[in-house]
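Asker: The following block contains the structure, expressed as structure tokens.
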Amino acid sequence: MENVLSGIRPTGNLHLGNYFGAVTSFVRMQNDYNCYFFIADWHSLTTHPKPEDIQASTATILAEYLACGLDPAKSTIYNQSDVPEVLELYLYLNMNTYLGELERVTTFKEKARKQPDNVNAGLLTYPTLMASDILIHRALKVPVGKDQEQNMEMARKCARRFNNIYGVEFFPEPQSFHFAKDAVKIPGLDGSGKMGKSEGNCIYLKDDAKTIQKKVMKAVTDTGPTEPNSVKPDVIQNLFTFLEIVSTPETLQYFEEKWNDCSIRYGDLKKQLAQDIITYTEPIREKIDMYSSDKELLRRVAEEGAAKARESARKTLSEVRKIIGFKVY
Ligand code: TRP
């Protein structure tokens with residue numbers, strides 16, 4: 001089975017956009033690949049977070065991913081900082097990566113603009129740390145968003161260059177795995193195209209029934225259709241897209257008919273939609289609560305994941321050391 005690996009930035013709670021996008025894809029992939037999923041806690045240090053923030057956000061993200069169906073029995077789920085082998089490979093990769101190419105990475109330039117007082121070396125070498133995350137397991141496929149393409153190109157460059165320098169065929173070139181095209185796109189309910197953290201329009205998996213209701217009832221609509229069977233404007237289509245995902249076909253059909261004969265009442269639709277979102281997410285929410293309150297279980301999952309990840313990492317590293325000319329341990 002091919003190795004698939006993905007790094008998860010520990011940035012707060014999962015929303016429905018994440019859930020129906022990346023997370024559902026991860027959960028499905030577990031059956032077809034040998035999956036590694038890790039929380040990129042070292043990467044998060046580029047912005048100097050407080051220790052308590054790191055602790056809270058890594059625990060939250062682990063609990064939420066487990067609640068969504070990432071399964072430690074199928075996949076290797078771990079914290080990056082529990083696998084020190086990654087750092088040794090990072091050192092080797094850094095020796096073969098040039099200042100100029102790191103400075104040209106767009107995400108580096110953007111970050112440098114955003115945090116001019118903290119343009120640290122870790123920020124610059126972010127792509128080599130990411131390459132090390134991937135190459136340490138010799139992963140072939142990496143599910144990432146479009147914004148990671150340049151980092152992926154750097155990872156391939158690191159693999160190629162290592163192979164060239166030492167005249168070996170050791171590291172395979174990892175390919176991006178764009179699940180985005182078949183993943184369901186979740187619209188924002190504020191009239192914007194997409195649900196996203198930066199858009200500030202998210203319904204979170206952990207949101208309780210009241211919060212979900214409030215958010216859905218505030219959804220942007222229009223003054224209603226005036227012609228039978230008219231094309232829906234985007235803000236209305238967004239609501240229907242949601243119904244398609246969380247409601248029964250009968251409910252969807254009912255509101256389609258109401259739309260088509262111009263008797264639709266958006267208040268009714270929203271009430272139904274809120275209820276269906278609540279029903280859909282309820283079992284996930286219960287599991288999030290269960291995992292979040294069981295620190296012992298989270299610790300065990302992270303420990304077992306780390307042990308599996310280190311076993312794979314050690315194998316790679318002992319080959320790498322041999323290739324470079326160091327003693328094998
Ligand atoms: N850079 C990725 C992001 O911003 C997170 C990440 C770190 C990652 N290491 C990785 C993703 C390795 C895939 C593979 O989302």
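The values are calculated or read from the model by the stated rules, or taken from the named source; none is laboratory data. As the structure is a computational prediction, the values presented were derived from the model and not from experiment. Ideal geometry is used to build each Cβ from the backbone, glycine not excepted, and the neighbour counts take in all protein chains shown. Side chains are part of the model used for accessible areas, which takes the heavy atoms of the whole protein and leaves out ligands, DNA and RNA. Shrake-Rupley method; radii C 1.70, N 1.55, O 1.52, S 1.80 Å.
Asker: Among the candidates 245, 264, 236, single out the residue that is closer than 30 Å to residue 71 by Cβ and either touching a Ser or Thr at 6+ places or on another chain (Cβ under 6 Å) or open to solvent by less than 70 Å² (accessible area, probe 1.4 Å) (or both).
Answerer: On inspection, the qualifying residue turns out to be 245.
Asker: Suppose the filter is without any contact (Cβ under 8 Å) to a residue 60 or more places away in the chain and within 15 Å of the ligand (Cβ to nearest atom); does residue 6 pass it?
Answerer: In short, no.
Asker: Can you name the residue in the range 27-53 that is in contact with a Leu (Cβ under 8 Å, 6 or more places away or on another chain) and closer than 19 Å to residue 306 by Cβ and, of all such residues, is surrounded by the fewest Cβ atoms within 10 Å (Cβ to Cβ)?
Answerer: Among those residues, the one meeting the criterion is 30.
Asker: Is the range 11-20 home to any residue that is within 15 Å of the ligand (Cβ to nearest atom) and part of a helix (DSSP H, G or I)?
Answerer: Looking through the range 11-20, at least one residue is within 15 Å of the ligand (Cβ to nearest atom) and part of a helix (DSSP H, G or I).
Asker: Please pick out the residue among 281, 316 that is assigned to a helix (DSSP H, G or I) and over 24 Å from the mean Cα position of the chain (by Cα).
Answerer: Unique residue meeting the criteria: 316.
Asker: Evaluate the following for residue 24: is it touching a Ser or Thr at 6+ places or on another chain (Cβ under 8 Å) and open to solvent by 20 Å² or more (accessible area, probe 1.4 Å)?
Answerer: No.
Asker: Now for a separate question. Looking only at the range 63-103, filter to residues that are touching a strand residue (DSSP E or B) at 6+ places or on another chain (Cβ under 9 Å) and among the polar types (S, T, N, Q); which one of those is farthest from residue 139 (Cα to Cα)?
Answerer: 81
Asker: Which pairs do you get when a residue that is at pLDDT 95 or above, found in the range 312-329, comes within reach of a residue that is open to solvent by 50 Å² or more (accessible area, probe 1.4 Å) and assigned to a helix (DSSP H, G or I), reach meaning Cβ atoms under 8 angstrom, with the pair 6+ apart or on two chains?
Answerer: 323/166; 324/166
Asker: Looking at 214, 218, 206 in this structure, which one is under 30 Å from residue 61 (Cα atoms), within 26 Å of the chain's Cα centre (by Cα) and among the charged types (D, E, K, R)?
Answerer: Values: 214 fails: within 26 Å of the chain's Cα centre (by Cα); 218 fails: within 26 Å of the chain's Cα centre (by Cα).
Answer to the check: 206.
Asker: Take the conditions farther than 16 Å from residue 86 by Cβ and either more than 17 Å from the chain's Cα centre (by Cα) or away from the ligand (no atom under 15 Å from the Cβ) (or both) and apply them to residue 45. Does it pass?
Answerer: Working: farther than 16 Å from residue 86 by Cβ: no; either more than 17 Å from the chain's Cα centre (by Cα) or away from the ligand (no atom under 15 Å from the Cβ) (or both): yes.
The answer is no for residue 45.
Asker: OK, next. Looking only at the range 212-227, which residues are part of a loop (DSSP other than H, G, I, E, B) and out of contact with any Cys (no Cβ under 6 Å at 6 or more places or on another chain)?
Answerer: 218, 219, 220, 221, 222, 223, 224, 226, 227
Asker: Out of all the residues in the range 105-127, is one or more farther than 30 Å from residue 184 by Cα, within 13 Å of the ligand (Cβ to nearest atom) and β-branched (Val, Ile, Thr)?
Answerer: Yes, the range 105-127 has at least one match.
Asker: Being touching an Asp or Glu at 6+ places or on another chain (Cβ under 7 Å), of a type in the set (Ser, Thr, Tyr) and either in a helix (DSSP H, G or I) or surrounded by fewer than 20 Cβ atoms within 10 Å (Cβ to Cβ) (or both): is that true of residue 132 here?
Answerer: The answer is no for residue 132.
Asker: Out of (1) within 17 Å of the chain's Cα centre (by Cα); (2) within 13 Å of the ligand (Cβ to nearest atom); (3) not in a helix (DSSP H, G or I), the odd one out for residue 137 is which?
Answerer: Checking residue 137 against (1) within 17 Å of the chain's Cα centre (by Cα); (2) within 13 Å of the ligand (Cβ to nearest atom); (3) not in a helix (DSSP H, G or I), the one that fails is (1).
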